[in-house]
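Trainee: Below are the structure tokens for one structure; questions will follow.
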């Protein structure tokens with residue numbers, strides 16, 4: 001808690017200092033220069049605040065069974081790990097070295113077995129940036145589309161994963177539809193069912209626990225995120241999740257940004273997206289413009305609705 005307070009205090013002091021010098025700089029810069037400086041200043045303040053928030057809570061291993069744990073806290077999304085007979089499989093990585101080291105410490109508190117595998121559910125930074133901090137003898141696994149998306153950027157700048165120093169964090173093993181990983185007699189099942197949040201989302205099923213890890217294919221307290229710039233599709237998401245529910249009989253589902261959810265919650269979430277797609281389809285067939293369609297939904301759903309409209 002002391003570290004958290006120090007981080008937030010530092011952010012507040014830096015923000016306060018920047019705001020004090022703002023009037024002085026404003027008087028010395030031309031309008032065009034001031035526009036760029038203001039944008040830089042806002043971006044810096046947001047980045048500092050987000051950094052403090054990301055580090056606001058330590059990594060915690062939440063026990064699901066004697067072998068399966070969910071990893072929460074730290075910088076980045078929820079992940080997890082599974083203790084097999086002869087090694088450990090980790091699900092997704094954190095964003096910073098500090099948080100990733102906390103993950104390793106959390107695992108060591110449970111088992112002395114070595115980490116053998118890291119599975120990335122998809123290529124978002126909050127799930128993969130910490131890959132580079134894993135020992136080089138750990139096999140990094142993902143769907144083949146996920147590996148390709150490591151090199152896709154939201155803007156026109158080259159992906160940081162093209163940097164030779166980052167190469168060790170890129171998945172070295174990929175699969176197409178299904179893959180089984182054995183840790184002694186213990187098996188972890190990996191599945192791919194199609195396009196959804198991205199084009200390369202992996203589902204991990206732990207049969208003995210009746211638990212699945214599904215990355216960012218479920219959001220409970222915020223709008224479902226679909227990365228259209230990576231080829232993600234809200235329209236295809238529904239069919240993909242239907243396939244997943246038919247193939248994986250899990251009773252509990254772990255995801256990147258929500259609490260562990262029941263099967264009923266996942267079904268309800270998919271049906272909610274299904275209804276939105278159907279509504280947008282109807283409104284568009286009636287020649288409503290994008291703005292008219294978006295006006296029919298809560299403002300916070302604008303990006304999701306726009307994605308659906310453009311797909312249809």
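The values are calculated or read from the model by the stated rules, or taken from the named source; none is laboratory data. Since the structure is predicted, the reported quantities are computational estimates derived from the model, not experimental observations. A quick note on method: Cβ atoms are made from the backbone with ideal geometry, for glycine too, and the neighbour counts reach across all protein chains shown.
Trainee: May I ask you to say which residue of 172, 159 is at pLDDT below 95 and either in contact with a helix residue (DSSP H, G or I) (Cβ under 8 Å, 6 or more places away or on another chain) or surrounded by fewer than 19 Cβ atoms within 10 Å (Cβ to Cβ) (or both)?
Mentor: Working: 172 fails: at pLDDT below 95.
Going through 172, 159 in turn, just one is at pLDDT below 95 and either in contact with a helix residue (DSSP H, G or I) (Cβ under 8 Å, 6 or more places away or on another chain) or surrounded by fewer than 19 Cβ atoms within 10 Å (Cβ to Cβ) (or both): 159.
Trainee: Only residues that are touching a helix residue (DSSP H, G or I) at 6+ places or on another chain (Cβ under 6 Å) and either touching a residue at least 40 places away in the same chain (Cβ under 8 Å) or more than 20 Å from residue 296 (Cβ to Cβ) (or both): list them for segment 256-284, please.
Mentor: Scanning segment 256-284 gives 270, 273, 277.
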